[in-house]
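Beneath this line is the structure, given in structure tokens, with notes to follow.
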Amino acid sequence: MSIPQNRVFSGVQPTGNLHLGNYLGAITRFVELQKDFECIYCVVDLHAITVWQDPDTLSANTREVTAAFIASGIDPEKHIIFNQSRVPAHAELAWIFNCVARMGWLNRMTQFKEKAGKHRENASVGLFSYPNLMAADILAYRATHVPVGEDQKQHLELTRDIAQKFNTDFADSISKNGFGDGYFPLTEPLIQGTATRVMSLRDGSAKMSKSEASDYSRINLTDDADTIALKIRKARTDAEPLPSEMKGLEGRTEAENLVRIFAALGDRDLDDVLGEYGGSQFSTFKQALADLAVARLAPITEEMQRLCADPGHIDAVLSNGAARANAIAAPVLADIKQIMGLLHD
Ligand code: TYM
């Protein structure tokens, strides 16, 4: 089997509170890439359990992320949507990568340091080796491109390091088994658009995140129109009117964040937005932003609610997607076992 040329893989954790950062940084890109790529989108439930999850909530959140994918415009018939734990190759390959990746590489992962915080000794082993499972997700499909927000960049660099080390460590066997110069592709991250790092609405120096205590820091995909408008009205800004060029936003992180969100939601250039709103007060701009956010998100929220009311349909999508994902990943795993000398059927 030769390396595919245009296969996209990406994942979203079912940990609740899907927000505007997930939508603009990842899900909208997932939708666009369907035109030119064979796409595989995964609800990464095995990543979610690196911190304790209530079982009923985990399954509800898995269905909710699936609904968000479909409601945003991902076509589960042309492309693949599934939940990670249904395809055993992910966990199996993650173990193999636990034996390829080096402790030093994982020790450098900033996300582990942020998530484990002061309680490092009490963090699960899974939270530490989380990036190896991510590499397994991607490489079980020999994916060539991975759309993500900026916060995942370091994990994708690690994925390339793992692929490279595997290709080097087993170069002779890879070639002897007819796989040429390297078995795994060096996957390209796709970190694109004006909103690759959406910031908190309360603090322009912190990323918009599912786990931030204040719900006013983010716009959730489940928020209704009034809540969205209220959160935007309350968003922190400064006292100056908007500038008419990007350089006027230097050092004004909260203002820049709102302008970036506006541009991404309206599919417009940053300069174009500032050309229109330069000189405006935030009261005017926030009203326009709230209207735009509601116009864009309300139909998705409504469709998510409709889909979540029929969990049987969502489960059928996930099960069908998993069967198709497994049909790609299982032969890859068999190749890897062959390459490594692990006897297999
Ligand atoms: P997760 O579930 O935290 O986030 C899902 C996607 O949303 C992006 N994102 C953001 N983008 C812009 N601004 C923000 N404030 C923001 N917050 C989140 C993330 O970058 C991500 O693209 N480890 C991954 C899930 C994963 C994965 C993979 C991704 C598991 N296996 C394989 C790609 C390939 C994560 O925790 O994403």
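Bear in mind that the values in this text are calculations on the coordinates, not laboratory data. Values in this document were obtained by computation on a predicted structure and should not be read as measured data. We place every Cβ from the backbone using ideal geometry, glycine too, and count neighbours over all the protein chains shown.
Here are the numbers:
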| quantity | calculated |
| --- | --- |
| Hydrodynamic radius of the stretch 122-231 per Kirkwood, over alpha carbon pairs, in Å | 16.8 |
| Debye-sum result for the stretch 171-218 in log10 I(q)/I(0), which assumes one identical scatterer on each alpha carbon, at q = 0.29 Å⁻¹ | -0.98 |
| For residue 143, distant residues with modelled amide H under 5 Å away | none |
| Relative contact order %, the chain, counting alpha carbon pairs below 8 Å whose residues are six or more apart | 24 |
| Tilt relative to the chain, helix 282-308 - C-alpha long axis, 0 to 90 degrees, to 10 | 40 |
| Amide H contacts under 5 Å for residue 199, placed H, 5+ residues apart | 208 |
| Cα centroid separation, the stretch 1-32 to the stretch 147-184 (Å) | 20 |
| Among 175, 162, 208 - extreme Cα towards positive end, dipole of the stretch 146-238, charges at beta-carbon | 208 |
| Separation between Cα centres of the stretch 79-119 and the stretch 44-59, rounded to whole Å | 15 |
| Longest to shortest principal axis, alpha-carbon extents of the chain, angstrom | 67, 43, 43 |
| Cα gyration tensor category, rounded, prolate or oblate, for the stretch 1-142 with a/c compared to 1.5 | oblate |
| More than 18 angstrom apart: percent of Cα pairs within the stretch 107-152 | 38 |
| Convex hull of Cα atoms in the stretch 219-345, direction-averaged projection (nm²) | 12.9 |
| Relative contact order computed over the stretch 202-311 (Cα-Cα under 8 Å; 6+ residues apart), in percent | 31 |
| DSSP-defined antiparallel bridges as percent of all bridges, the chain, nearest 5 | 10 |
| Distance histogram for the stretch 1-84 (every C-alpha pair counted, 10 angstrom bins, percent rounded to whole numbers) | 17, 49, 26, 7, 0 |
| The chain, helix-only ellipticity at 222 nm - DSSP H runs n ≥ 4, -39,500 (n - 2.57), divided by all residues, nearest 500 | -16000 deg cm²/dmol |
